[in-house]
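**Q** Structure in structure tokens, see below.
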Amino acid sequence: MNWHTLSAKDTLLKLTVSPDTGLNPSAVSKRQSDYGENKLEPGKKKSLFSRFLAQFSDFMIIILIIAAGISFLMSVINGHADLVEPTIILAIIFLNAVLGVLQEAKAERSLDALKKLAAPTASVLRDGRRVSIPSEELVPGDIIYLETGHYVPADARLLSCVDLYVDESSLTGESHPAEKDAEAIVPADTPAADRKNMVYSSSIVTGGRGTAVVTETGMHTEVGHIAKLILTDEQPMTPLQKKLAATGKTLGIAALAICVIIFFLGILKKRPIFDMFMTSVSLAVAAIPEGLPAIVTIMLSLGVQRMARKQAVVRRLPAVETLGGATVICSDKTGTLTQNRMSVVQIHSPQGPESENSKASKNILTLAALCNNAVISGTSRRKTISITGEPTEKALAAAALQAGLDKGSLETQYPRIREVPFDSTRKRMTTVHTINGSTYRIITKGAFDLLLPRCTHIRIGEKTLPMSELYRSRLFKQNQAMTDQALRVIAVACRDTDASALTRTNEELECGLTFIGMLGMIDPPRPEVKEAVAVCKRAGILPIMITGDHVRTASAIAKELGILEYDSQAITGEQLSAMPFETLCENIDKYRVFARVSPRHKVTIVKAFQSRGEVVAMTGDGVNDAPALKAADIGCAMGLSGTDVAKNAADMILMDDNFATIVSAVREGRGIYDNIRKSIHFLLSSNIGEIMCIFTAILFGLPSPLLAVQLLWVNLVTDSLPAIALGVDPPAKDIMEKPPIPPNQGMFSGGLGIKIVLEGMMIGALSLIAYLIGDRTMAFAVLGLSQLFHAFNMRSSRSLLQIGVFTNKKLCLSFLVCAFLQVAVISVPTLAGIFRVTPMNAIQWVITFALSICPIVIVELQKKFLSKG
């Protein structure tokens, strides 16, 4: 259907929808069943079977399978077909593959769930009410609202627009935003790039606003026709995963070399060649930490789920790693440090403070209500009033309503015919209204210090007088008194003119204005933020306030929250612009508040901190914040007030727009990093223990303490569940009392590498002692159980008695399950026969238990007497 050839009215008739009420629930339901969901068909995912097969692609696994086959053939050649050992080996490999698939599936489900939390939404008119819904629920005929910074959620025919510009480069390739015109009707053969009356799915509103009716959804959109997927299900490896994959490869080569040495040592000691081959290959399979990146993925996804429950939705996994090292948090003031619940508490005319019902107050509020895009639903009689829109405008509309000024009635009396939308650089908004047939009123509201220079006159009582320096001085003093009370000040000005207002440039409209008055609004700090700021300081993190507000307003709130100590620590955007970048870099650590800044300043601030080696988290919500969010080490977009562009540029979305949530996310990030180190510590020390046990035995001419099938079993039992259970350890209570993790700190720093080797030697020695005291069965039991006990040592550098043995219930459960399985293969006669072990008596079990618990005793003594601090 060529919707661009129809007028807006004809399009509405064709789609059988009213522009005043939108679709009702029954119409939506029917259309959803007719047209399906508004989403593109995802790329094909790997089937479970193909994922299962992929688990067998590892070179050492293939060698082991071949070895199991050779083992069976050799037993047949020798005259006794032994299916037991090769079958058990294959069964263990099969179980490992199943676990691998389950782990992958769990990680993918976690990431899919997070994508849904961060899924785009659409503002739509349904059953007479403006509501926000997931974009995929849109249907043809829905009336949608388009606002700066938001994605266009579906193909749609424009119904109205004000200075609407849309970036359609993802569809048309045009680098410049396209200007839109709701009144245009274009020929059928007009290319998409020139259809001024249409907006298309996946494009971005870069300026202005508008309303449109959805014409096509899902695969029927222009983007759907060319099957261009906007989002990908691919999750690239994080830096940590890449580092661990490389580390694992290096360790794997080392383990493989040792296994080759063990093989040749065995031959020199006249051991059966095939037995040594099976033992060496099994040891290589058990010892090579090929699962490290997969374990890290699961732990990251588990941590990310925890963060999502605390209102921080991570869009990119590397952000989790970076969070733990954050040293500076640059936060917007409004809505993040404050409650974003503004209310007008003072009204000033040029003569001074005014009462709510004074004539001057009502005039100021009338202008503020007209130059305003907040929407009021309901009436005061029905007491069902709701105001939607930007918080500042909602507060102004509410104040006007409180004074008996109905915004809807005012707009009927003084129709708006033109608008220059607010933007964060100009810090003002202008509208033009019809006063009578030939007179038009220009109304501008915005930041006091940016609006006053545009005023050439001032309203004193009923008189309009030329602006003088005396008047300017008085106004500045009034503004200063209000900002010192932490009030956000909005100035209002106007000018009556003729029809030339319709053709003037935006710049010309906002000149020669008459200053009318100021409104002071309070936005109280969030109660939890003061403590969050204190936590930041204890954790070695510098909290920074960035705001478009006046420096005095910002400083007053920053002092209340504990961010600012001295006035000299606050700087304005104007001062920033005048300062050479090199000078800023040298002095950046002196500042705590950046006021009256524009989005371009944010990038400068980020880069200045980064030049000093800081790891910077930055918040943002607007289109122009996207560069700063990308430049920051961790970009944090606002979930409630943020635009789609900001969310897409961010690494993390704060679903509650709260500064305390960032601090909580940093705490979780540090905890996740700690848990990953714990798992690596556990896995590698266990693997080294297995290698050391066999290597030492063969070096000294002893029979191999463990068989291939036993090594594989220990690897299966100890590697997965305890390692993942360590990943759910809650962050240590004192984790925010420590300095941030240095960005260049290696995973094995702080003596971790030495600990891993020494603890691996300890586990190997204990297993070897068990072998010498008893037999292979006892060595098998001690090797498995000592690793399970050792998992508890990983939880903290503090004593288990201090942190509590049972505080990680999942680790306790994994210990019980794995210990039960280890004991079962020894105690159940059928299983004992399969694993070539013999049931042990009570004394042997006591010795086994005593040796197995030794890692806890030895490490506890080390923590008490050798640990620093």
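**Q** Name every residue in the range 348-367 that is under 17 Å from Ala481 (Cβ atoms), among the polar types (S, T, N, Q) and crowded, with 18+ Cβ neighbours inside 10 Å, in order of residue number.
**A** Ser349
**Q** Please specify each residue of the range 373-430 satisfying the condition of being open to solvent by 20 Å² or more (accessible area, probe 1.4 Å), assigned to a loop (DSSP other than H, G, I, E, B), of a type in the set (Gly, Ala, Ser) and modelled with pLDDT of 85 or more.
**A** Gly404
**Q** Please specify each residue of the range 769-817 satisfying the condition of being of a type in the set (Lys, Arg) and part of a helix (DSSP H, G or I).
**A** Arg776, Lys809, Lys810
**Q** Sticking with this structure for a sec: Has the range 643-658 got any residue that is in a loop (DSSP other than H, G, I, E, B) and either free of Cβ contacts under 8 Å to residues at least 40 places away in the same chain or of a type in the set (Val, Ile, Thr) (or both)?
**A** Yes, because at least one residue in the range 643-658 is in a loop (DSSP other than H, G, I, E, B) and either free of Cβ contacts under 8 Å to residues at least 40 places away in the same chain or of a type in the set (Val, Ile, Thr) (or both).
**Q** Looking only at the range 571-589, filter to residues that are outside any loop (DSSP other than H, G, I, E, B), more than 29 Å from the chain's Cα centre (by Cα) and not polar (S, T, N, Q); which one of those is surrounded by the most Cβ atoms within 10 Å (Cβ to Cβ)?
**A** Ile571
**Q** Related question: For Phe515, indicate whether it is aromatic (Phe, Trp, Tyr), under 30 Å from the mean Cα position of the chain (by Cα) and open to solvent by less than 10 Å² (accessible area, probe 1.4 Å).
**A** When the stated conditions are applied, Phe515 does not pass them.
**Q** Further question: Report, by residue number, each residue of the range 431-458 that is of a type in the set (D, E, K, R) and crowded, with 21+ Cβ neighbours inside 10 Å.
**A** Lys445, the sole residue that qualifies.
**Q** Here is a follow-up. Condition check: open to solvent by less than 30 Å² (accessible area, probe 1.4 Å) and under 20 Å from Leu451 (Cα atoms). Does Ala595 satisfy that?
**A** Yes.
**Q** Condition (residue is in a helix (DSSP H, G or I) and at pLDDT below 75) applied to the range 222-229: is it met by at least one residue?
**A** yes
**Q** Considering only residues that are among the acidic types (Asp, Glu) and outside any strand (DSSP E or B), which ones fall in the range 466-503?
**A** Of everything in the range 466-503, those that are among the acidic types (Asp, Glu) and outside any strand (DSSP E or B) turn out to be Glu469, Asp484, Asp498.
**Q** Follow-up question, since we're still on this one. Look through Ile61, Ile133 and report the one residue that is open to solvent by less than 40 Å² (accessible area, probe 1.4 Å) and at pLDDT 75 or above.
**A** Ile133
**Q** Still on this structure: For the range 136-152, name all the residues that are at pLDDT 90 or above, under 21 Å from Gly642 (Cα atoms) and part of a loop (DSSP other than H, G, I, E, B).
**A** Those that are at pLDDT 90 or above, under 21 Å from Gly642 (Cα atoms) and part of a loop (DSSP other than H, G, I, E, B): Leu138, Val152.
**Q** Residues Ile694, Ile688, Ile662, Ile672: which one is open to solvent by 30 Å² or more (accessible area, probe 1.4 Å) and in a helix (DSSP H, G or I)?
**A** Ile688
**Q** Let me ask something else. Which of the residues belonging to the range 160-211 are open to solvent by less than 30 Å² (accessible area, probe 1.4 Å) and in contact with a Gly (Cβ under 9 Å, 6 or more places away or on another chain)?
**A** Selection gives Leu164, Val166, Lys180, Ala182, Val199, Ser201, Val205.
**Q** Restricting to the range 603-620, what's the tally of residues that are open to solvent by less than 10 Å² (accessible area, probe 1.4 Å) and either of a type in the set (Lys, Arg) or not in a helix (DSSP H, G or I) (or both)?
**A** Matching residues across the range 603-620 total 5.
**Q** Return the pairs, sorted by first residue and then second, in which the second residue is of a type in the set (Val, Ile, Thr) and modelled with pLDDT of 85 or more, the first residue lies in the range 306-317 and is open to solvent by 40 Å² or more (accessible area, probe 1.4 Å), the beta carbons are less than 8 Å apart, and the residues are 6+ apart or on different chains.
**A** Close Cβ pairs satisfying both conditions: Lys310/Thr661; Gln311/Thr661; Arg315/Ile653.
**Q** Right, another one. Considering each of Gly760, Gly746, Gly784, Gly750 in turn, give the residue that is more than 18 Å from Leu821 (Cα to Cα) and in contact (Cβ under 8 Å) with a residue 60 or more places away in the chain.
**A** Gly760
**Q** Taking into account only those residues within the range 774-792 that are open to solvent by 10 Å² or more (accessible area, probe 1.4 Å) and touching a Leu at 6+ places or on another chain (Cβ under 8 Å), which is modelled with the lowest pLDDT?
**A** Arg776
**Q** Check Ala91, Ala113, Ala107 and return the single one that is out of contact with any strand residue (DSSP E or B) (no Cβ under 7 Å at 6 or more places or on another chain), modelled with pLDDT of 70 or more and not acidic (Asp, Glu).
**A** Of the residues listed, the single one that is out of contact with any strand residue (DSSP E or B) (no Cβ under 7 Å at 6 or more places or on another chain), modelled with pLDDT of 70 or more and not acidic (Asp, Glu) is Ala91.
**Q** Where in the range 322-369 are there strands (runs of 3 or more DSSP E), lying fully within it, with 2 or more residues that are touching a strand residue (DSSP E or B) at 6+ places or on another chain (Cβ under 7 Å) and of a type in the set (Gly, Ala, Ser)?
**A** Hits in the range 322-369: 343-349.
**Q** Just the residues that are crowded, with 23+ Cβ neighbours inside 10 Å and out of contact with any Asp or Glu (no Cβ under 7 Å at 6 or more places or on another chain), please, taken from the range 627-650.
**A** Ala628, Leu629, Ala632, Cys636, Val645, Lys647, Ala650
**Q** Separate question: Right, Val837: part of a helix (DSSP H, G or I) and either closer than 21 Å to Trp713 by Cα or at pLDDT below 95 (or both) or not?
**A** So Val837 does not fit the description; no.
**Q** Go through the range 190-211 residue by residue and tally those that are under 16 Å from Thr121 (Cβ atoms) and outside any loop (DSSP other than H, G, I, E, B).
**A** 2
**Q** Only residues that are in a loop (DSSP other than H, G, I, E, B) and either farther than 24 Å from Leu707 by Cβ or open to solvent by less than 80 Å² (accessible area, probe 1.4 Å) (or both): list them for the range 840-869, please.
**A** Of everything in the range 840-869, those that are in a loop (DSSP other than H, G, I, E, B) and either farther than 24 Å from Leu707 by Cβ or open to solvent by less than 80 Å² (accessible area, probe 1.4 Å) (or both) turn out to be Met840, Ile853, Leu866, Ser867, Lys868, Gly869.
**Q** What number of residues within the range 1-46 satisfy the criterion of being in a loop (DSSP other than H, G, I, E, B) and either open to solvent by less than 70 Å² (accessible area, probe 1.4 Å) or among the polar types (S, T, N, Q) (or both)?
**A** Looking only at that region, the number is 15.
The values are calculated or read from the model by the stated rules, or taken from the named source; none is laboratory data. Computed from a predicted structure; not experimentally measured. Cβ sites come from the backbone with ideal geometry, for glycine too, and all protein chains shown count toward neighbours. Areas reflect the complete protein model, heavy atoms only, side chains present, ligands, DNA and RNA absent. Shrake-Rupley method; radii C 1.70, N 1.55, O 1.52, S 1.80 Å.
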